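Asker: I am attaching a structure below and will ask some questions about it afterwards.
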Amino acid sequence: MMEKKENLIKLFGVTNQIAELDLKRIEDKYKIDLGRNKKIVRKDNVYYPQFDLAVRNEASQMAKSYEIFYCLEKTIRKMISEKMSTIEDWWSKKVPQQVKDEVKKRIKQESDAGVTIRSDDEIDYTTFGELSIIIKSNADIFGDIFTNPNGIDRVMSNLNTLRSPIAHCSKLAEDEELRLQLSVRDWFRLME
């Protein structure tokens, strides 16, 4: 009886190894990540345990929303930079003065604070709303990507509203998490 249980356990282990190999082949063949190898993130063991468990759980839950926003904002900045890169000195020639002025203030604030400068690229100092302004004010350049400027306003406004609680460490309500997913979907739909 014991030998039969041991054989079943071994068979289970071998079956899992085969399944893992098959999943690895699929990931390699189709150049996708099925999320099988999530890295274990080690928390700060000195201070993290001192925070209330409910706050730690909420932070873990909100990390997903932050990650979505981080990726989206970086992707939009990259798309703008790549599209504008065909224009020499595009930042000074094509970005509205109000955006340049705000970015200049943020760069100075960081410099005066003595913290490590986040980037050498001005676009990395733009807010979500300012990215929208850059796109809209250069509709002729982005016309082949976005055919509906009003759609950009609506989607970016929704995203900017949702960004505030995420950036300021407040929990998103379940409805707002859904609204975030739909707004991100709307953003990509604008580019279809």
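Asker: What relative contact order, as a whole-number percentage, does the chain give when Cα pairs under 8 Å and 6 or more residues apart are counted? Write out the running numbers ahead of the final one.
Answerer: Numbers: 87 pairs, mean separation 38.2, N = 192.
Once normalised by length, the contact order is 20 percent.
Asker: Between L21, L162, L178, find the one with the highest GNM mean-square fluctuation for the chain; connect C-alpha pairs within less than 10 Å.
Answerer: Residue with maximal mean-square fluctuation among L21, L162, L178: L21.
Asker: Let me ask something else about it. What does the helix-only formula give at 222 nm for the chain: each DSSP H stretch with n ≥ 4 adding -39500 (n - 2.57), the total divided by the residues, and the result rounded to the nearest 500 deg cm²/dmol? Write out the running numbers ahead of the final one.
Answerer: Values: 8 runs with 133 residues, N = 192.
The helix contribution divided over the chain gives -23000 deg cm²/dmol.
Asker: I would also like to ask the following. Rank the residues T161, T116, T127 as a footprinting-exposure proxy: fewest other Cβ atoms within 10 Å of their Cβ go first. Show your work: numbers first, answer last.
Answerer: Details: T161 13, T116 6, T127 16.
The fewest-first ordering by Cβ neighbours comes to T116, T161, T127.
Asker: Follow-up question, since we're still on this one. If the elastic network links every pair of Cα atoms under 10 Å, which of E130, E88, E27 fluctuates the most in the Gaussian network model of the chain?
Answerer: E27
Asker: Measure nothing but the geometry: give the 0 to 90° angle between the long axis through the Cα atoms of 174-190 and the longest principal axis through the Cα atoms of the chain, rounded to 10°.
Answerer: Approximately 60 degrees, to the nearest ten.
Asker: Using alpha carbons only, how many angstrom separate the centre of the stretch 119-151 from the centre of the stretch 162-192?
Answerer: If we compute the Cα centre of each part, the gap is 18 Å.
Asker: Follow-up. In debye to the nearest 20, how big a dipole does the stretch 52-190 give about its Cα centre with +1 on each Lys and Arg Cβ and -1 on each Asp and Glu Cβ?
Answerer: On the way: 21 positive and 24 negative charges, 22 e Å.
Around 100 debye, computed over the stretch 52-190.
Asker: Please list 3J(HN,Hα) in residue order for the stretch 56-63, calculated via the Karplus relation 6.51 cos²θ - 1.76 cosθ + 1.60 where θ = phi - 60°; whole Hz, with x for glycine and proline.
Answerer: 4, 5, 5, 4, 4, 5, 6, 4
Asker: Going toward the positive end of the dipole of the chain, with +1 on Lys and Arg Cβ and -1 on Asp and Glu Cβ, which of W187, P165, L34 do you reach last?
Answerer: Positive-most Cα among the choices belongs to L34.
Asker: Name the residue farthest towards the positive end of the dipole of the stretch 52-190 from the options M84, A54, N150, assuming +1 on Cβ of Lys and Arg, -1 on Cβ of Asp and Glu, about the Cα centre.
Answerer: Value: N150.
Asker: For percent of Cα pairs over 24 Å apart, the listed values are [x] 40; [y] 63; [z] 60; which was obtained by calculation from the structure presented?
Answerer: Here percent of Cα pairs over 24 Å apart agrees with entry [z].
We did not get these values from a lab; they are worked out from the coordinates using the rules stated. Only a predicted model underlies this, so the values are computations on that prediction, with no experimental measurement involved. Here Cβ is always computed from backbone atoms with ideal geometry, including for glycine, and neighbour counts include all displayed protein chains.
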